[in-house]
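Q: First, the structure itself, so that you have it in front of you.
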Amino acid sequence: MFEVIPPREEFEERVNDEEEPAELVARLALQKAADVAARIDTGLVLGCDTVAECDGTILGKPADAAEARRMLETLRGRRHHVYSGLCLWLKPGGSPVVRVERTVLRMDRLTDHQIDDCLASGAWRGKAGAFGYQDGLGWVHVVEGSESNVVGLPLELLAQMIEALLPHGELAQQK
C-alpha cells in the first residue's frame, strides 16, 4: 500500500542559475523527500523532480501560455535533455539515496500552427518544457535513454534503487 503525501509548495521548482540540471533535480528531489520524511515515522519516501534542458537553459514548468510558447519555440527542431532526480529514504533509520536519470530527445520542427494548437489544448500546463511525452504528441522522440524518465518518473532507475536499498524485501517486513 502507498500514500501520496505531497511536499509543501515551497519545495517545488526553485531554479538556481548556478546549478547544472542534474544538480538541480537532485537537490529538489532530496528537499521534497526530506520534507515528507520529516512528517512520517515509517515507510519508503520517494521524492522526484524533472526538468528539461536545451543548450544550458533549464526549462521547468511554464507559468503561463506565453512562457510555454517560448519554450516550445526554443525546443522545436532541436535536441534537448530531460533530467529527473530521484530520492529514496527508508524510515526509520535510513539515509537518503539520490540518483539522476538523463534522456536525450529530439523535437520535430513544429510550425507556429502546431504550437498554437498545443497551447490551446492546455496540455502544456504543469509539464517541464511545456510538453507531455505521455500525451502521444508524435513530435517528440527519445533518442537515448528512458521513456518513463520523460514522463517524469524513471521507472528503470527507481527499480534499481529499490533493489539496492531493499535487496531482501525489508519494506514488506516492516508491515
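The values are calculated or read from the model by the stated rules, or taken from the named source; none is laboratory data. Given the structure is predicted, the values throughout are model-derived calculations rather than measurements. For the accessible areas, the whole protein counts, side chains as well, though only heavy atoms, and no ligand, DNA or RNA atoms are used. Shrake-Rupley method; radii C 1.70, N 1.55, O 1.52, S 1.80 Å.
Q: Can you tell me how many residues within the stretch 44-63 are open to solvent by 70 Å² or more (accessible area, probe 1.4 Å) and in a loop (DSSP other than H, G, I, E, B)? Let's see the steps before the verdict.
A: To start, the set of residues in the stretch 44-63 that are open to solvent by 70 Å² or more (accessible area, probe 1.4 Å) comprises 46, 55, 57, 61, 63.
When the remaining residues are screened for being in a loop (DSSP other than H, G, I, E, B), the result is 55, 61, 63.
Residues that pass the stated criteria total 3.
Q: Return the only residue of Gly43, Gly85 being among the small types (Gly, Ala, Ser), within 17 Å of the chain's Cα centre (by Cα) and over 20 Å from Thr111 (Cα atoms).
A: Within the list Gly43, Gly85, the selection yields Gly85.
Q: Would you mind finding the one in Arg99, Arg8, Arg109 that is farther than 20 Å from Gly152 by Cα and not acidic (Asp, Glu)?
A: Arg109
Q: Considering only residues that are open to solvent by 70 Å² or more (accessible area, probe 1.4 Å) and either modelled with pLDDT under 65 or more than 27 Å from the chain's Cα centre (by Cα) (or both), which ones fall in the stretch 158-171?
A: Correct list: His168 only.
Q: Within 14 Å of the chain's Cα centre (by Cα), of a type in the set (Lys, Arg) and open to solvent by 40 Å² or more (accessible area, probe 1.4 Å): is that true of Arg8 in this structure?
A: no
Q: Additional query: Name the strands (runs of 3 or more DSSP E) wholly within the stretch 65-151 that hold at least 2 residues that are open to solvent by less than 20 Å² (accessible area, probe 1.4 Å)?
A: The strands (runs of 3 or more DSSP E) meeting that bar are 79-91, 97-107.
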